[in-house]
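The values are calculated or read from the model by the stated rules, or taken from the named source; none is laboratory data. All values reported here derive from a predicted model rather than from experimental measurement. Positions of Cβ are generated from backbone atoms using ideal geometry, with glycine treated the same way; all protein chains shown enter the neighbour counts.
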Amino acid sequence: MEAPPVTMMPVTGGTINMMEYLLQGSVLDHSLESLIHRLRGLCDNMEPETFVDHELVFLLKGQQASPFVLRARRSLDRAGAPWHLRYLGQPEMGDKNRHALVRNCVDIATSENLTDFLMEMGFRMDHEFVARGHLFRKGIMKIVVYKIFRILVPGNTDNTEALSLSYLVELSVVAPAGQDMVSDDMRNFAEQLKPLVHLEKIDPKRLM
Amino acid sequence: MQREEKQLEASLDALLSQVADLKNSLGSFIYKLENEYDRLTWPSVLDSFALLSGQLNTLNKVLKHEKTPLFRNQVIIPLVLSPDRDEDLMRQTEGRVPVFSHEVVPDHLRTKPDPEVEEQEKQLTTDAARIGADAAQKQIQSLNKMCSNLLEKISKEERESESGGLRPNKQTFNPADTNALVAAVAFGKGLSNWRPAGSSGPSQPGQPGAGTVLAGASGLQQVQMAGAPNQQQPMLSGVQMAQAGQPGKMPSGIKTNIKSASMHPYQRFDLKVLRGAV
């Protein structure tokens, strides 16, 4: 059910396959301020943007071993913002020269009945969490610093507890397939955040 | 001649904008120091200094640019001095210089440094001339050597501390936390209270009625399936209990359904399945 690696797919028209390049790291709570300050200096000049999002992850268990995963996200602090549905493929491993994690990515905005629709389709919610943090941009790079809150009572986004004493830092770029020089730019940017944060490509399969 | 004039004008404009930027950042830095001194942190001060040094660098670059004519060759002479207010001048200098008069001109148009500074410079040049070329060269070399030694020592110390462990007070991130957070975002490790990390979780109580029917149907299938994998959804266990009586009532109907139907809900919309599942 996963899309095959992009390099194998012929370009036959339709939508362009977008890939997400990702670097992740974390920063402890007490060093958050210095990181935010440094990011404000390094990134594009804009008003600091904070967000509170509620993300639900839906699984469709097929006959194959690996279930199909879709992520639905909604904003808790911006009324009227559309729901956001995202598919992330398996990371393309193997290329040691690529400095970032690369995976197929499909993003769409949806209306508010997304969860009902997914339920009708047969998806089941696997887990959900609330993400609260800051968003920065530099050109096409997006840097998000957020804290993950576990939802104690399902469906109740007010009753949450922090998952850990750190903030997750993610540097991501969504670009058409094949543009590997993007990962070089990302690595250069990540160098500027050391030693506060070590942004690196972390293979989630290793952590299972 | 015209080209030179154009060059002069262009370089003057560039210089003006650079100096204006520098003035603004100096102004904001001073404001920060005066008004937010109790909340000010060292990184913030460092950032301001870095900004100023960057701007000074660009200013230097603009001055050294090959297209910039030598300003040293230009002379500014005041043509008219008057003690009256000059509105144009006020506007151009943002209200700082209201009058182009005898007291303002010597300060603003001076080219020589202060007398004390001039004295010190003269002193330094005579000292330098007195030492002699060879001795001066030797001193330069020893200074360079000492600087490089110092740099080496500092970098060695930094490398050792990073690998050794200046951990307690300098740790700004925790790798274990990084792994935990990435695992949470990637596949929900640690995000649900009532099941072990990693396995699938229960659905939320806000499920619509139709969803429950579908869940019930797939629950029936799972009851019959032999050797269900470990990944079997415990979330449907509640529904399974409720429907446990039904398999006993119509076992044969369910079995045929299993053969024809797959797990995918869409394929369940087959008449054979609908008859048996409901």
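Inspect all residues belonging to region B:118-132 and state whether any of them is at pLDDT below 85, under 30 Å from A:Ala131 (Cβ atoms) and over 33 Å from the mean Cα position of the chain (by Cα). The answer is no, given that none of the residues of region B:118-132 is at pLDDT below 85, under 30 Å from A:Ala131 (Cβ atoms) and over 33 Å from the mean Cα position of the chain (by Cα).
In the set (1) among the small types (Gly, Ala, Ser); (2) more than 28 Å from A:Asp44 (Cα to Cα); (3) under 14 Å from the mean Cα position of the chain (by Cα), A:Ser172 fails one condition alone, (2). Evaluate the following for B:Leu52: is it aliphatic (A, V, I, L, M), at negative phi and at pLDDT 80 or above? In short, yes. What are the pairs with Cβ atoms under 8 angstrom where one residue, in region A:187-207, is within 10 Å of another protein chain (Cβ to nearest Cβ) and the other, located anywhere, is among the acidic types (Asp, Glu)? Sequence gap at least six, or different chains. Pairs that qualify, where the first residue is within 10 Å of another protein chain (Cβ to nearest Cβ) and the partner is among the acidic types (Asp, Glu), are A:Pro195/B:Glu162. Selection of region A:35-64 for residues being outside any loop (DSSP other than H, G, I, E, B), more than 11 Å from chain B (Cβ to nearest Cβ) and surrounded by fewer than 18 Cβ atoms within 10 Å (Cβ to Cβ) yields A:Glu49, A:Thr50, A:Phe51, A:Val52. Of note, B:Asp38 does not satisfy the criterion of being at pLDDT 80 or above and not assigned by the TED database to the domain that holds B:Leu16.
Looking across A:Leu114, A:Leu118, A:Leu163, one residue alone is more than 11 Å from chain B (Cβ to nearest Cβ), buried (at least 20 other Cβ atoms within 10 Å of the Cβ) and farther than 20 Å from A:Leu39 by Cα. It is A:Leu114. Within region B:52-75, residues that are farther than 12 Å from B:Asp21 by Cβ have Cβ atoms under 7 Å from residues that are in a helix (DSSP H, G or I) and at pLDDT 80 or above in these pairs: B:Lys67/B:Gln7; B:Lys67/B:Ser11; B:Thr68/B:Ser11; B:Thr68/B:Val62; B:Pro69/B:Glu4; B:Pro69/B:Gln7; B:Pro69/B:Leu8; B:Pro69/B:Ser11, counting only partners at least 6 apart in sequence or on another chain. The residues of region B:31-51 that are within 12 Å of chain A (Cβ to nearest Cβ), charged (D, E, K, R) and in a loop (DSSP other than H, G, I, E, B) amount to a single one, B:Arg39. Has region A:169-182 got any residue that is over 19 Å from A:Met93 (Cα atoms) and at pLDDT 85 or above? Yes, region A:169-182 has at least one match.
Could you say whether any residue in region A:71-82 is free of Cβ contacts under 8 Å to residues at least 12 places away in the same chain and either in contact with a Lys or Arg (Cβ under 9 Å, 6 or more places away or on another chain) or farther than 21 Å from A:Asp116 by Cα (or both)? Walk me through it before giving the result.
Applying the first criterion (free of Cβ contacts under 8 Å to residues at least 12 places away in the same chain) to region A:71-82 yields A:79-81.
Applying the additional criterion that residues be either in contact with a Lys or Arg (Cβ under 9 Å, 6 or more places away or on another chain) or farther than 21 Å from A:Asp116 by Cα (or both) yields A:81.
Looking through region A:71-82, at least one residue is free of Cβ contacts under 8 Å to residues at least 12 places away in the same chain and either in contact with a Lys or Arg (Cβ under 9 Å, 6 or more places away or on another chain) or farther than 21 Å from A:Asp116 by Cα (or both).
Can you find a residue in region A:187-206 that is out of contact with any Gly (no Cβ under 6 Å at 6 or more places or on another chain), part of a loop (DSSP other than H, G, I, E, B) and under 19 Å from A:Arg71 (Cβ atoms)?
Yes, because at least one residue in region A:187-206 is out of contact with any Gly (no Cβ under 6 Å at 6 or more places or on another chain), part of a loop (DSSP other than H, G, I, E, B) and under 19 Å from A:Arg71 (Cβ atoms).
Only residues that are free of Cβ contacts under 8 Å to residues at least 40 places away in the same chain, under 24 Å from A:Ile148 (Cα atoms), out of contact with any Asp or Glu (no Cβ under 9 Å at 6 or more places or on another chain) and not hydrophobic (A, V, I, L, M, F, W, C): list them for region A:83-121, please. A:Thr110, A:Glu112, listed by residue number. Within this structure, B:Ser11 fails the test of being part of a helix (DSSP H, G or I), of a type in the set (S, T, N, Q) and within 13 Å of another protein chain (Cβ to nearest Cβ). Specify the residue that is farthest from the chain's Cα centre (by Cα); the eligible residues are those in region A:15-34 that are facing another protein chain (nearest Cβ under 8 Å) and closer than 19 Å to A:Ser172 by Cβ. The selected residue is A:Val27.
With B:Leu33, B:Leu79, B:Leu46, B:Leu40 as the choices, which residue is under 30 Å from B:Thr111 (Cβ atoms) and free of Cβ contacts under 8 Å to residues at least 60 places away in the same chain?
Matching residue, one of B:Leu33, B:Leu79, B:Leu46, B:Leu40: B:Leu79.
Go through region A:133-159 and report how many residues are surrounded by fewer than 18 Cβ atoms within 10 Å (Cβ to Cβ) and within 29 Å of A:Asn188 (Cβ to Cβ). Talk me through it step by step, then tell me what you get.
Taking region A:133-159 first, the residues surrounded by fewer than 18 Cβ atoms within 10 Å (Cβ to Cβ) are A:135, A:137-140, A:142, A:152-153, A:155-159.
Applying the additional criterion that residues be within 29 Å of A:Asn188 (Cβ to Cβ) yields A:135, A:137-140, A:142.
Number of matching residues: 6.
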